[in-house]
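In what follows, a single structure is set out as structure tokens and then discussed.
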Amino acid sequence: MTEACLGLGTNLGDREAQLCNALAALNATPGIRILAVSRVFRTAPWGGIAQPDFLNLCVRIETPLAPLDLLAACKAVEQHAGRQPRERWGPREIDIDILLMDGAEMTTPELTLPHPRLTERRFVLEPLADIAPDWVTGGQTVSAHAAALRTADPAQACVAQEIAFDGLIQALNPSRNRP
Ligand code: GSY
């Protein structure tokens, strides 16, 4: 079994419903068990493209899947949660990225681990610090990276949201996960 952290983001349509749908679909995927879910953050779009604010969160999962199989599972969940084909850096219904998989390091055309832009993005680091503060990447803990970026780039808007996730609680009912 491997532990992995995934980042979820959405800025089109009913963003809260899409996060709930994605969490439920992840949790229902054979070989994926959600261990922890971060707070939800409302975040300014990265990359200078004018588009609506995102909602972002991270989950920590346990999985026997190999990285590329986990990637395929995440893509299937994106489809299930309503993702439409769109431009690369543009708005999207749901996006699921593999951020870290224990100590895995790999570079393939499909997947790079750790996620190559992980330490530049508050929308990733703040929720990640909720669920994996002591994981080490690039020689520093996630919480140290988050604190450093908070200071270095305070203009990256990233605000925790009070979102009542009734659907989330349902999605995380552990009985759905047991073999
Ligand atoms: O890389 C994930 C999709 N995405 C996001 C996102 O999830 N949050 C924010 N704040 N900006 C983003 N730009 C892209 S592309």
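Nothing in this text is a laboratory measurement; each read-out follows from the coordinates by a stated rule. This one's a predicted model, so the numbers in the text were calculated from it and none came from an experiment. FYI the Cβ positions are ideal-geometry reconstructions off the backbone, even for glycines, and counts take in every protein chain you see.
Numbers below:
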item: Flag for Pro133 being away from the ligand (no atom under 12 Å from the Cβ) and not charged (D, E, K, R); result: yes
item: Within segment 91-111, tally of residues that are more than 16 Å from Gln140 (Cα to Cα), part of a loop (DSSP other than H, G, I, E, B) and touching a residue at least 40 places away in the same chain (Cβ under 8 Å); result: 7
item: Failed item, numbered, when Trp46 is tested on (1) touching a residue at least 12 places away in the same chain (Cβ under 8 Å); (2) more than 16 Å from the ligand (Cβ to nearest atom); result: (2)
item: Wholly enclosed strands (runs of 3 or more DSSP E) of segment 1-90 bearing at least 1 residues of a type in the set (Val, Ile, Thr) and surrounded by fewer than 18 Cβ atoms within 10 Å (Cβ to Cβ); result: 2-10
item: Exclusive hit being under 19 Å from Ile34 (Cα atoms), of a type outside the set (D, E, K, R), away from the ligand (no atom under 15 Å from the Cβ) and in contact with a Pro (Cβ under 7 Å, 6 or more places away or on another chain), set Met101, Met106; result: Met101
